[in-house]
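In what follows, a single structure is set out as structure tokens and then discussed.
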Amino acid sequence: MKIALNRKRLVPISDISNSFSKYFRKLKEQSEPLFIMKNNSIEAVMLNVDDYEHLLEVQEMYEELQLADTALRRLEKPTLGQDFEKILAERGLSIESIQN
């Protein structure tokens, strides 16, 4: 995935090493990540904790949506064309027996 970068957010790893507290303050004050460069390539990203927590929440919501989508598809079209009641019957069960 390609992202648009602001050149001001690109920081050589040597600058991070030499001035960590300066960049740490920037992260706390601003809601923009720092992209850490090594050998002219982005190797890491530093985020403030609020942005990191937000990313985790978005990821969790995305995973829940994927699960819901899978469940809805299975309700619409049973897997392998088998009927749920038939599968239960083959195992000596019924819908009523698993509801209790």
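Just so you know, all these numbers are worked out from the coordinates, no wet-lab data involved. Everything numeric in this text was worked out from a predicted model, so none of it was measured. With ideal geometry, Cβ positions are generated from the backbone for all residues, glycine too; neighbour counts draw on all protein chains shown.
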In the stretch 2-32, anything hydroxyl-bearing (S, T, Y) and assigned to a loop (DSSP other than H, G, I, E, B) is listed as S19, S31
- State whether the residues of the stretch 33-47 include one that is in contact with a Pro (Cβ under 8 Å, 6 or more places away or on another chain), not charged (D, E, K, R) and not in a strand (DSSP E or B). yes
So, first residue in contact (Cβ under 8 Å) with a residue 60 or more places away in the chain in the stretch 5-21, second residue of a type in the set (K, R), Cβ within less than 8 Å, six or more apart or across chains; the pairs are none
